[in-house]
Every structure is written in structure tokens, then in C-alpha cells.
Amino acid sequence: MKKLLKYISPLAPDDSGACSVLYEMGGITVICDAGGCAGNVCGFDEPRWFEKRSALFSAGLRDMDAILGRDDLLVKKLAKITQQIDAPFTAIVGTPVPAVIATDLKAIERMAMKKTALPCIALGTDGTGLYDHGEEMAYYRLFEMFATEKLDVKKGKLGVIGATPLNTGETDSVRIKETLDKSGFEKIVCFGMDSSLEEVIKASECERLLVIAPSGIKAAKLMNERFGTPFDAGYPDDSRGVLLPGDDAVKCTCGLKGSRVLIIHQQFYANALREKYERLAGCDVTVGSFFMMDKDYMREGDIRFRDEDDLAKAAASGKYDIICADKRFSRVLKGFDIKHFPLQHFAVSGTLNRDI
Amino acid sequence: MRDAYYITARELAENGCEHLPEELDSSKHMIYSSPATLDFNSPGAKGFGVKRAGLVIPESVMLLIAPGCCGRNTALLSDLGYDERFFYLCLDDTDIVTGRYVNKIPEACKELLEELDYTPSVIMLCVTCVDALLGTDMERVCRACYELTGVKAAPAYMYALTREKRLPPMGLVRKSIYSLLEAQKRRSNECNILGFFSALDDKNELYSLLSSAGIKKIHEIGRCKTFEEYKELSRANFSIVLNSEARAAAQDMQERLGIPFIELTRMYRLDKIHNQYRLLGQAIGASLDDSAYYESAKKKIDDFKARYGAVTFAVGESLNADSFELSLALCEYGFRVAEIYGTVGERNFVFVKKLAEISPDTRIYSNLSPTMMNYTPAKEIQAAIGADACYYHSGIAGAAFNSEAQVFGYRGAEVLFDELSEAIDKKGGVS
């Protein structure tokens, strides 16, 4: 049966992705839920929750709020918070509750702006989509709303879009910047990771943009159209061809020589690892993902998995000797005549690079 | 930026329960998912939330029927060995609007059973806010699943939307987990302990006291290893309810199985504990001699005070106690409670009033207030009690006092002061 998961637990949802992008922007983010979704975000999908403070709240909806559609109460509560916490904007993140009762998030956005006199972004996530979908929405709306001024381009400034724990397994930008330092850029900004809304406002200063996950492409295209800022899609990779520290599958190519490999991760990470395996070990590599696969960066034969059955079919196809994928997939891959190299992805297992 | 909101015990008592300040009323403000109190937010998050609680029935499996976001944190339970007992029917956006998935649930049950090399005792069908809003008739769905598979199904309602209702999710799930019991001949020398999903700690005096009253077998769901053991719960002569969230389950057992129940409260004031055991004895027709336990607990507290002095505490709510009753007990023992992070309601306002008499300046915070983002720890506090208080006061001695092995009665007081002594000694004494 489609959508019946027997071996894996659900992957990071869209509301988590939206919150991940907004987390360090300095705004007030309200998850429009009864509490459970906020618990999932703060307690699981947002590892920075225990390291960096963020004004992230649950709307604390109750059944009568949903039944009676008390949008005015939500806006009133939001306005109250803006008097308690200084913030340059507010954001409302959708969940299954507003989706079921068909809340008009656009209307709430307008009501909130009027009531608080602050910009507001309402994101129509509903908890059924995947994290990258929520990230894409959040990046796009942020750049659309705030990166409006054309500033002088600063030579040597690189803007990175897509740096979230869900994409990278990192909770800060240190390792990303360390790796990119060797690429010749003098100033590197990871939007939303160790940087706030201020950098989004100044985004047109960037000489180039590097998009490290498909969720950032739409925002990068907007910047390209608006300011002519060129962008590349890729993943931080230093001159030695070593990607950000990861599992054994990343650190070492021993035993891979000439193998047929299937790499499963977010597309741009997997693409970068593919290039490394091809270059260093002469592997025949296919990329697969449960998340967005941008056609412009796909090769023929790359796979977009819809559910765990698709992965089982790929494992049974006989096309691969090795599958590099998160340890959480081990129960799906068990019993097939293939080697499983663990390759952590926070959006799958919630494992950070530092925890390996 | 506003400082964390608090109100003193005196002010709160003077205002009365019906005039709680907005910051202490979670329906009047956004909810801060403080790292200290994450388990508030999700009925499925930490410890025994609805999901884990639903699987307390031996040999059961769970099908979570929900959008992916509701099951995301279930990965946390993998480390506890639940991987092979969880299945998910993920809903898409059309599903949650039309409710079309409801008809697929029996088929999903059939398919998951094919994956198992054993027949589970029950399939727990865990549903979320989506079904709360759609009004899904889960009793009917459970019957349809049983008709198709021959395996019983029971609902586990993870309805965060109904958290403040008369029967909240954690009350409903307690009712569900005892719902598979069937009437059988009762035995006069057996009883149940209801209230927790894990068992009382082995040294709890309640076991000895009941034994002295002639009870030969005490059933607790947390000790059941097999479904056969679970079924024995319905032969108890009576049940003792140690947590009010299990009251609905006990009432259901009384109506369906004829098992009456007695409700006790977890307290930390020794005289109240003694009085409660006296009343329990009267109810079951036995005289319970708790003097040795009373003396032992009293000595433990006296020794602690002699060693560390009149310590100033911060008391949280992520712990095995009612924050206000425990704070009252500590003040009555001669300690000081400077701050409480708790949820005030009708149920515990009586303790607030008493606390206001002996410790009027105690500051009361709500963990859920957005202003807690700006909380800064007060220097006067020497030790913290509760996982949340320990989070706020990470630099000083702290006892989380929230173990899964449940404490009760005198034993609870002893464990608390043991944990506090250990924590203080680890820090080299009180600051």
C-alpha cells in the first residue's frame, strides 16, 4: 500500500523545514498548531533549540479555536508577543490543523501586519509535505519580501542558501565556511545559519550565490532575476575533494573501486559525493533522493523515491553493489545482496555530523 | 524585551484561582516550547506520551495514522527498541481534507500483519488532531479492522487539541490500554495499581503495606511481560489509582469488569501520606502500620537538613510530583522555595494558598509563557528540583527527579532527598 511505512519512520516534514530557515532570522515564528507540531520541531528537527535561542512559539490552538475559526484570537496573541519580544518581522507556519479547517493564512498574514505593524510571512505548510518543500517556501518568501534593495556588489562576498541542519547535519556555519574558505571568497554568509535577517536584506551585495540544496534554488533564481546575481548549485568541497565530514562512506573511498553505487541524500550533497566517487574510485554512481530532485541537476537514471517500496525495488534491481544511505534505511535494505554504507542525513534520522 | 513574568504566591492567592494572570493561563498566550518543558508540547514526545503509552500492552503494535509531521519524533523511541512495533499510514493533503484514508485503515492493518512473524495482541490505531477535527468514529474503524484481520484494534487518541478537556489524551490512552481486559472471576487477594505506564520502584512501601493486608498479588501494567499477564489485571478485587489521569480507566473497569477503585494522591508531606494510608486501610478493611516508613523518611529529611542547612530551592514541573504540593512540603520542613515553574489550576490552588501563608514571596513562573525566553536564573537558588528547573539552573546542584520507575508515598520523599544529596555532593556542597 502506498504511503504505508513499515520499516522507516516519517521523514522531516515541511513545517520543520520552514522553521529551520526562519530559526536564526530574528523574527517571531508561530507554529499554527495545538502544540504537538512545535514539540516535534523543537524537540527533534531543530537541534539548535538547545544551543541558540529563537522566538519560536506554538499557537496553542484548542479544539474550539479550530471549530470556531478564531483567527482574531491568534492575531491578538501574536500582537501580544510583539510587545514582549523585539523582532523585525513575524512568521506563521501552517500545520495539519489549519489545513483541515481551511484557514486563510493569507488573510491572517494581512491581519497580523495591520495589528503589529510588522512584516508578516504566512507559510502554507501542512505537515504532509517534506522539509525541503517548507524550506523552499520560507527562503523564497524571505528573499521576496526583504531582499528588495539593490546594493553595490561586494567583490569576494559569497552567499550560501540552503545551510540548515536538515540539509547539512551542522548546527553552525563553521565547517561550511572552513571548506569554502579555500574557494577564494573573502566573505562568506550562510543565510539563516549564524546570520540574521540583516544579511537577507543585504543579499544583493553578494558577488555570487552558492545553493547547497534544491530548496534554495527558487530563491536564488529570484535573486538572479531581481539583481542579476549569478548562482551555482553544489556542495562545499575543498581542493582535496573532501566533503564536509560525514560517515565512512564520505571519508574514505577504499573498497569502492569500480563499484556500482547508489547514493541517497539531498540531491546536491549526493551529486557532490557522486563526483568524488567517480573521480577517486571510478565508480558508476546513481543519485537517489526521497526529497526534491531538480531536473536541471539530475542525470539520466537518477531516482526520486516516493516511498520505502521504491527503495526496496532499487535494492532488488541488481543494479547496485553498494547503497550509501542513512542508517535509518537499514531495515528496508536488510536481506538484499548489497552493501549498505551509512551516510547520515539529519532530515532522515536526526543525526548530526558531530554525533557520528 | 520583557523579563520573564512571575507572580508571588501571596499575590496569586489573593487574586484567587478564578483571576489567574494571563501569563499563567496558556489559552491567553502563545506557548513557548521551552527546552525545559518540551514534553508538554507533544503528547507523543518524551517519556510516556500517547504513542509509547499505547504500546505498553504486551505484544502490541501501533499504526500511526497521520501526516508525517505527527510521527516524526517517533525516531526518538527507536533507541528504546520500538522500531519493529511502529507502522505509519502517512496522510497527504487530499487525505486530511476529504478523510478518504479512513477506508484504507483496515487494509493497512492487514498488510502490516503480513510483515510480522507473530500475531500481535492488539493493533493500536493512533490518530491525531486531523481525526479530532474530522470526527472520525474510531470505534467503528477498530471494528472494521478486527473484522478484516481477526486481530483486535484499539484507538489511541493523540489529540493535542483537546489537552485541556475533561478527558485529555493521556487520560484517554489510559482508558484504551485497559480496554482489552475481559471479565473473569475475581480473586479477593489480588489488586491493581493504576496510574503509571511503568511500575513503582521495587522498594516502594505500598507493596509491603498491601502484602501486610493480605494482598498476595499486585498487578501493574508496567510489569506485564506477556499478554497473558496483562489479562490477569481483570481478576483483581480492587484497583488503586495513583494518578488522576487514570480515573476514567478505573471507572471503565468498574463498570465493565466490576472492579471498584480507590484513588490516592502522590504527596510529599509525611503527615498527609500517613493519613492517606490510614484511610486506605479503612477502605480495604485492614490496619496498615506505616510507622517504620514514616520514621525512616523523617530521618532522611532531618539528616539532609542537618547536613546542608535550610537550602533554597527552585522547583519545576517536569518531575514526579505536583510542583506546588512538593514546594509546600519543602517549606513545611524548613527549607526555602524561591521559585516554582508550574501550571496553576483548580486542582492545586489549595497548595498555592497554603504556600502563600508560609512562603508568600515564592515567585511563580509559567514555563509556557513566551517571556520565559528571557528568564535569567536568580542567584539565591542553591539547588534545583525537576528536569525543567535543572535546565534553568544548569550551574548548580540539581535533581531531575523524573525517573520512569515511579515513586510514591514515603519512598518518594526518600528518593528525592537521596537524589538531592547526591547532586549537592557532586557539586561539592551547596553554593
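The values are calculated or read from the model by the stated rules, or taken from the named source; none is laboratory data. Just so it is clear, the model here is predicted, and its values are computed rather than measured. Methodologically, a virtual Cβ is constructed for each residue, glycine included, from the backbone with ideal geometry; neighbour enumeration extends over all protein chains shown.
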### Task
Would you check which residues across the range A:46-66 are free of Cβ contacts under 8 Å to residues at least 40 places away in the same chain, acidic (Asp, Glu) and more than 7 Å from chain B (Cβ to nearest Cβ) and list them?
A:Asp65
### Task
For B:Leu24, work out the one condition from (1) of a type in the set (A, V, I, L, M, F, W, C); (2) facing chain A (nearest Cβ under 9 Å); (3) out of contact with any helix residue (DSSP H, G or I) (no Cβ under 6 Å at 6 or more places or on another chain) it doesn't fulfil.
(2)
### Query
What about B:Asn320, is it in contact with a helix residue (DSSP H, G or I) (Cβ under 9 Å, 6 or more places away or on another chain), on the phi < 0 side of the Ramachandran plot and not β-branched (Val, Ile, Thr)?
yes
### Message
Could you check the range A:109-129 and list, in sequence order, the residues that are under 22 Å from B:Ala160 (Cα atoms) and surrounded by fewer than 24 Cβ atoms within 10 Å (Cβ to Cβ)?
### Response
A:Gly124, A:Gly129
### Task
Would you please name the residue that is farthest from the other protein chains (Cβ to nearest Cβ), looking only at residues in the range B:118-164 that are among the aromatic types (Phe, Trp, Tyr) and crowded, with 18+ Cβ neighbours inside 10 Å?
B:Tyr157
### Task
Out of the residues in the range A:307-356 that are within 14 Å of chain B (Cβ to nearest Cβ), part of a loop (DSSP other than H, G, I, E, B) and among the polar types (S, T, N, Q), state the one that is nearest to A:Asp45 (Cα to Cα).
A:Thr351
### Query
Only one residue in A:Lys339, A:Lys319, A:Lys276 is in contact (Cβ under 8 Å) with a residue 40 or more places away in the chain, basic (Lys, Arg) and in the same structural domain as A:Gly258 (by TED's automatic domain parsing), so which one is that?
A:Lys319
#### Entry: Count - residues of the range B:261-300 that are surrounded by 13 or more Cβ atoms within 10 Å (Cβ to Cβ), of a type outside the set (A, V, I, L, M), in contact with a helix residue (DSSP H, G or I) (Cβ under 6 Å, 6 or more places away or on another chain) and assigned to a loop (DSSP other than H, G, I, E, B)
3
### Query
Restricting attention to the range B:306-334, which residues are buried (at least 19 other Cβ atoms within 10 Å of the Cβ), part of a loop (DSSP other than H, G, I, E, B) and among the aliphatic types (A, V, I, L, M)?
B:Val311, B:Leu319, B:Ala321
## Note on the structure
Every listed condition ((1) surrounded by fewer than 24 Cβ atoms within 10 Å (Cβ to Cβ); (2) of a type in the set (Ser, Thr, Tyr); (3) in contact with a His (Cβ under 9 Å, 6 or more places away or on another chain)) holds for B:Tyr410 save (1)
### the range A:177-215 - residue that is among the small types (Gly, Ala, Ser) and assigned to a loop (DSSP other than H, G, I, E, B) and, of those, nearest to the chain's Cα centre (by Cα)
A:Ala213
#### Entry: Any hit, the range A:127-144, residues being out of contact with any Leu (no Cβ under 9 Å at 6 or more places or on another chain), assigned to a loop (DSSP other than H, G, I, E, B) and of a type in the set (D, E, K, R)
no
### Task
Would you check if there is a residue in the range B:52-65 being among the acidic types (Asp, Glu), facing chain A (nearest Cβ under 7 Å) and either surrounded by fewer than 24 Cβ atoms within 10 Å (Cβ to Cβ) or under 25 Å from B:Leu328 (Cα atoms) (or both)?
no
### Selected residue [within 12 Å of chain A (Cβ to nearest Cβ), closer than 23 Å to A:Thr95 by Cβ, surrounded by 20 or more Cβ atoms within 10 Å (Cβ to Cβ) and at pLDDT below 95] from B:Ile96, B:Ile105
B:Ile96
### Query
Residues B:Thr74, B:Thr37: which one is more than 22 Å from A:Ala99 (Cα to Cα), at pLDDT below 90 and not assigned by TED's automatic domain parsing to the domain that holds B:Glu111?
B:Thr37
### Task
Keeping to the range A:22-32, report how many residues are farther than 23 Å from B:Ala132 by Cβ and either at the interface with another protein chain (Cβ under 8 Å from one of its Cβ atoms) or part of a helix (DSSP H, G or I) (or both).
1
### Task
Answer yes or no as to whether A:Ala91 is in contact with a Cys (Cβ under 8 Å, 6 or more places away or on another chain), assigned by TED's automatic domain parsing to the domain that holds A:Glu135, more than 18 Å from B:Thr371 (Cβ to Cβ) and not in a helix (DSSP H, G or I).
yes
### Condition met for B:Gly309 (on the phi > 0 side of the Ramachandran plot and either free of Cβ contacts under 8 Å to residues at least 24 places away in the same chain or assigned by TED's automatic domain parsing to the domain that holds B:Ser394 (or both))
yes
### Task
Pull up the range B:79-93, narrow it to residues that are modelled with pLDDT under 90 and either outside any helix (DSSP H, G or I) or buried (at least 16 other Cβ atoms within 10 Å of the Cβ) (or both), then point me to the one that is farthest from the other protein chains (Cβ to nearest Cβ).
B:Gly81
### Task
Look through A:Gly39, A:Gly35, A:Gly43 and report the one residue that is in contact with a strand residue (DSSP E or B) (Cβ under 6 Å, 6 or more places away or on another chain), facing another protein chain (nearest Cβ under 10 Å) and either among the hydroxyl-bearing types (Ser, Thr, Tyr) or crowded, with 19+ Cβ neighbours inside 10 Å (or both).
A:Gly35
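So that you can scan it fast, the table gives a plain yes or no per residue for (1) in a helix (DSSP H, G or I); (2) out of contact with any Ser or Thr (no Cβ under 9 Å at 6 or more places or on another chain):
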position: A:Val75; (1), (2): yes, no
position: A:Ile108; (1), (2): yes, yes
position: A:Met113; (1), (2): yes, no
position: A:Ile121; (1), (2): no, no
position: A:Thr125; (1), (2): no, no
#### Entry: Subset of the range B:376-390 that is surrounded by 21 or more Cβ atoms within 10 Å (Cβ to Cβ) and not β-branched (Val, Ile, Thr) - its residue that is farthest from the other protein chains (Cβ to nearest Cβ)
B:Gln382
### Task
Name the single residue, out of those in the range A:3-21 being in contact with a Ser or Thr (Cβ under 7 Å, 6 or more places away or on another chain) and facing chain B (nearest Cβ under 7 Å), that is surrounded by the most Cβ atoms within 10 Å (Cβ to Cβ).
A:Asp15
### Task
Answer yes or no as to whether B:Thr362 is within 14 Å of chain A (Cβ to nearest Cβ) and either surrounded by fewer than 24 Cβ atoms within 10 Å (Cβ to Cβ) or within 21 Å of B:Ser34 (Cβ to Cβ) (or both).
no
### the range A:67-99 - residue that is acidic (Asp, Glu) and more than 11 Å from chain B (Cβ to nearest Cβ) and, of those, surrounded by the most Cβ atoms within 10 Å (Cβ to Cβ)
A:Asp71
